[in-house]
Structures are given as C-alpha cells and as structure tokens.
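Single-structure report; data block below.
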Amino acid sequence: MSTVLRGGRVVSADGEYDADVLISGERIAAVGDVAPPGDATVLDVSGCYVLPGLIDNHTHLSMPFMGMMSSDDYNTGTQAAAAGGVTCLVDFSIQREPDQLRSALAEWQGRAEGAAHVDYGFHMAITNANEATIDDMAAIVEAGVTSFKLFMAYKGELMTRDDAMVAVLERARDLGALTMVHCENGDVVDILVKRALHAKETDAIHHALTRPEFVEAEATSRAARLSEYTGAPLFVVHVTCEPAAAEIQAAQQRGVPVAGETCTQYLVNTIDDLRSPGVEGCRYICSPPLRDASNHEPLWDFLRRGVLESVSTDHCPFTDEQKARGLDDFSLVPNGLPVIQHRLSKLWDEGVVAGRITPSQLVDRCSTTIARRFGLASKGALAPGKDADVVVFDPDAPRDYGTHTSFMNVDYDLYAGETASGSVRHTLCRGTMVYDHGEIVSSPGHGRFVRREGQA
Ligand code: URP
Ligand code: ZN
Ligand code: ZN
C-alpha cells in the first residue's frame, strides 16, 4: 500500500524545501519528485508543512504518583499525542520498591500493549539502587530500554541519594546506557515546604516559592560534577531556568558529557499562573515549578545554541478533582501538567511565528535530536528507509485550545480561550493515518514498543 503526500513543504533538521513524500507500507520510500504507483493514495498537502513525526521523550502515562494515578492511560495519552503531531513517545517505567526493574518493565509493557495509537519506548526510573537493582540494569538494556532515570527530589517517594547516583551512573556508562536526572535538592525542598506549612502558607503559589531556582541549579551542578567524575553521559530533564541551564553550559565547556532539555511549559508559562485562585492555581503545580518570565528569553537562547538540545512535555496530567486534594495544602497536590497535545502548536506560535526559532530548529529540537539521543534509529527524519512517521501541519488553519479540541483525559485545558494560528491536519505513524482533520482514525494497539539503541 502506497501513499503520496503531494505539494507540501518538507522540513528537516537541516532545512526546508518543496517536495513530495512517497510512503510504501510502513516506511518512507522517496522524498522529492516521486513517481507513485498507480494505486497510491494521493493526499494533497499543498500549503502545508510536512514534518517528521515529533517524538516526546518525557511523558508519564498511568503513572502512580503521590498516591494517585496520572489521568491519561496509553489509549487516551497516545490519542492526544497524535493530535499534537507526536508519533513516538518514551514514557517512564518506575521501579516500585521492593520490586526489581524487570517487574516494573513488565507492568508498564502490560499497560501499553494493545492500547497505544503511536509507537512507544520506556526509560527505567530507579528508586532503590541496591545491588540487585544495579545487576538488573543489564537485563533492562538488553530489553531495548537504554536509559535510566533518577530523581534528586520527591523525598520519601522517588528521591535518590548521591551514592546511589554514582552507582547508577557507573553501571549505565558500562552498559552503554544514558542516565537521566530530575535535578532539585530534595532535602532543601523538604525544609522549605515544612517552614511554609508551619507559617500557614498553603496556597498553590507556595509550591513554587518553596522550590527556588538555586535548588534546581545546585542539584544540576552536583549531577554534572558526578557525571564528570564518573565519565558517564548525563541528560538533565525539564530544565526551567537560567541558573540551571548555565550549570549545564559550564559543564559542557569543561568537556563533560551532559545534555539537557526544557519543556513547552517552561518556555510559555510563568510562576504567576500559580497565583490563580482555588483549583486553577493547583493545575499549574509541577516540579521544578514554573518560573519568572525573565527566564523565557534565556531558555530560548540556550535552546537555539544547543546547550539545551530538545523540548519535551513532561506530560503528567491530573484532573481537577485530583488537583483539589491540595486546596488547603499545596504539598498534597499531585505534580504535573497536561501538555502532550500542545508542544507543536505552542512552539510554532511562540517559537517560529515569533521569530525565535526556524521550522528546522523546531524539527531538530522536537524530533531529530531526540531520536539520536535516545537511540530511535528508525525515527526522527523523513528519509528513505525510515519509519513513515509524518505530520502534516497547516499554518493557516487556526485551532482553539479547550477541552472541546483536547484528547487529553483532563477536564480543563491550560490554554483554553487561546487560539493556535495553525494546526495538525494529518498524523501518520508507520504509514497508517492516526489523526485526520481533528479525528482519531486508528485503533488502540497500532502503536508498537520500540527497542532503542544505546549510547554511541
Ligand atoms: O511535576 C512533574 N514534573 N511531574 C512529573 C514527575 C516529574 O518530576 O517529572
Ligand atoms: Zn521530574
Ligand atoms: Zn517527568
């Protein structure tokens, strides 16, 4: 079965040009002046941009966290992903003490299999790095899960200690795997939260005020130093502010193998969102928190220069009912924002239309570089032989944000009332149409597990 996307403007990480794209089965067959077979389905995409499917390397679907479960499962979460032009995501499987890593991977595989609409892989989050866990890491890499994650925050639930971090970094290095890290000093956060609650400072805004920028910068610096000491590659997730990104830059300048990402919300939202009254303020609680707007331009600049190499979403949705648990105590609000559907349209408007990045830089930061970093060899580019993961984006088809256009399983939309200037027209995952003019047209189970390669 063949499909040709005719008359669009193809965007790669290196540039853009007018070309047709021929898909044969699950793969890209040709890009350029193509001669499709007579029975090919022809889609006229003139006036549209044709991009490689976006990859979201940082999501939390059905994540047990803070005594709750994030509200998108692999069915709803991957529908929302496809509606936002995402054709592959890498989700966090989480070790649940006292279990070992293999059982966590089996649990997450069970959740995703038969449910996902787009392709998926896993990272493995380590919460208890005992000897058996460190041993188990080899089996996880063998299974095609080539990145591990550590949390330097969430004391008492997910938080790791420095000795465990060194052990994981060294083992991951030896296995050719990548260590990812959530950088916040969890001990300091714990002190600041206790002080705030003692002073009856319980509103949502105090979540952000008890996790100041230095808490993130200090942990980022420490993690980078441990990467330097061990020689192990490190990937700092969800960088929110200039001081933390500056620590990554300083480490890179010393030759340390440290890379980092930021997320859509840190480029477009601010700490003031947490000042909204009641549950509205709670909707914006995530960690590290949203920051002062003065961080936006520096973050865009770090992104342009590649100090921060990619943008993910850290999609971790909770409903108003779940968020409302912490109306009288911010420390009880489950942390995380629903963003998976909005990265492309937000970065298009705030990045491309605003003149901060080019369409090629958007493709690079949201697809090509992520594929390279996370060992997704068949993805991240529109080139013959690659998976036919394709997004057709119409820059002249505005779309309103709101629950009426959202596929995310939450009863609010952070950007409701705003309008995106352009929108996704089609999303194809391995040659199959998943999202078409506002509708999901695939079945759960189209998405497949992707085994990932290790670090070069
Ligand atoms: O608040 C957030 N970011 N929730 C998801 C878990 C994490 O820290 O990534
Ligand atoms: Zn995190
Ligand atoms: Zn996360």
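Worth pointing out:
- With distances taken between every two different alpha-carbon atoms, the range 91-219 has a Kirkwood hydrodynamic radius of 16.0 Å.
- Given 12 as the ceiling on other Cβ atoms within 10 Å, longest exposed-site-free region of the chain for trypsin sites (Lys or Arg not before Pro) in DSSP loops: 255-456
- When only alpha carbons are used to place a centre, the range 39-89 and the range 347-362 end up 20 Å from one another.
- Extended-chain gain in nm, criterion 0.36 nm per residue less alpha-carbon gap, D301 and D187: 38.0 nm
- A dipole drawn for the range 53-373 from +1 and -1 charges on Cβ atoms has a positive end, and of L105, T368, M165 the residue lying farthest that way is T368.
- Of all DSSP bridge pairs formed entirely within the chain, close to 45 percent run antiparallel.
- Evaluated with a Cβ-only charge set (Lys, Arg +1; Asp, Glu -1), the range 25-103 carries a dipole of roughly 160 debye about its Cα centre, given to the nearest 20.
- Each label point was placed 7 Å from the Cα along the Cα-to-Cβ direction; for A250 and E113 their separation is 4.7 nm.
- Here the 3J(HN,Hα) profile of the range 134-139, calculated from phi with Karplus coefficients 6.51, -1.76 and 1.60 at θ = phi - 60°, is 4, 4, 5, 4, 5, 5 Hz, Gly and Pro shown as x.
- For Y49, neighbours were defined as the other residues whose beta-carbon sits under 9 Å from its Cβ, and their charges (Lys and Arg +1, Asp and Glu -1) total -1.
- Which of L299, P289, W348, positive extreme of dipole for the chain (C-beta unit charges): L299
- Point-charge dipole on Cβ atoms (K/R +1, D/E -1) for the chain, about Cα centre, debye to 20: 620 debye
- For the range 271-348, convex hull of alpha carbons as volume per residue, Å³: 97 Å³
- Dimensions (Å) - the chain, Cα atoms, principal axes, largest first: 71, 49, 41
- With every protein chain in place and a 1.4 angstrom probe, the accessible-area ranking of D328, D400, largest first, reads D328, D400.
- For N57, the residues whose modelled amide H falls within less than 5 Å of its own, excluding neighbours fewer than 5 places apart on the same chain, are V90, T313.
- Near the amide H of R425, within less than 5 Å, lie the amide hydrogens of V392, F393, D394, all on another chain or at least 5 residues away, with H placed in the peptide plane.
- Per residue, the range 249-328 exposes 33 Å² of accessible surface when a 1.4 Å probe is rolled over the protein heavy atoms with every protein chain present.
- Distance in nm between pseudo-label sites at R102 and D163 (7 Å out along the Cβ direction from Cα): 2.7 nm
- Equivalent-ellipsoid semi-axes of the range 208-312, from the Cα gyration tensor, Å, largest first: 26, 14, 10
- Fully extending the segment from S443 to D14, taken as 0.36 nm per residue of separation minus the present Cα-Cα distance, adds 151.1 nm.
- Treating each Cα of the range 326-400 as an identical point scatterer and summing with the Debye formula, the log10 of I(q)/I(0) at q = 0.11, 0.17, 0.21 Å⁻¹ comes to -0.43, -0.81, -1.01.
- Distant-in-sequence amide H partners of L414 (H built 1.01 Å from N, under 5 Å): none
- Gap separating the Cα centres of the range 106-148 and the range 238-255, nearest whole Å: 28 Å
- Computed over protein heavy atoms with a 1.4 angstrom probe, the accessible surface ordering of Y49, Y415, Y229, largest first, is Y229, Y49, Y415.
- Mean ellipticity per residue at 222 nm, deg cm²/dmol - from DSSP H runs of n ≥ 4 across the chain, formula -39500 (n - 2.57): -8500 deg cm²/dmol
- Rounded D (µm²/s) - the range 10-91, Kirkwood Rh over Cα pairs, Stokes-Einstein at 20 °C, 1.002 mPa s: 139 µm²/s
- Karplus-based coupling profile of the range 255-263, in residue order and whole Hz: x, 6, x, 10, 10, x, 10, 10, 10, with θ = phi - 60° in 6.51 cos²θ - 1.76 cosθ + 1.60 and x standing for Gly or Pro.
The values are calculated or read from the model by the stated rules, or taken from the named source; none is laboratory data. Nothing here was measured: the structure is a model prediction, and the numbers come from that model. Cβ: placed from backbone, ideal geometry, glycine included. Neighbour counts: every protein chain shown. Ligands, DNA and RNA are stripped out before the accessible areas are found, and what is left, the full protein with its side chains, is counted by its heavy atoms. Shrake-Rupley method; radii C 1.70, N 1.55, O 1.52, S 1.80 Å.
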